């Protein structure tokens, strides 16, 4: 029975911290753009063209 007095405050603290973290993430705009991060990995960066005469020397 005494374990309930230990587990209950820990559970409430973890639940409260999860709600606070979710509220902070929502208000700071973490969930505004869901499409761009998933597609960003598919686009290759544009690399500058190198001069082939410099590569030979």
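The values are calculated or read from the model by the stated rules, or taken from the named source; none is laboratory data. The shown structure was predicted, so the numbers you read here are calculated from the model rather than taken from an experiment.
Things to note:
- Residue within the range 39-46 that is modelled with pLDDT under 95 and in a helix (DSSP H, G or I) present: yes
- Residue in the range 1-19 that is modelled with pLDDT under 90, within 13 Å of the chain's Cα centre (by Cα) and assigned to a loop (DSSP other than H, G, I, E, B) present: no
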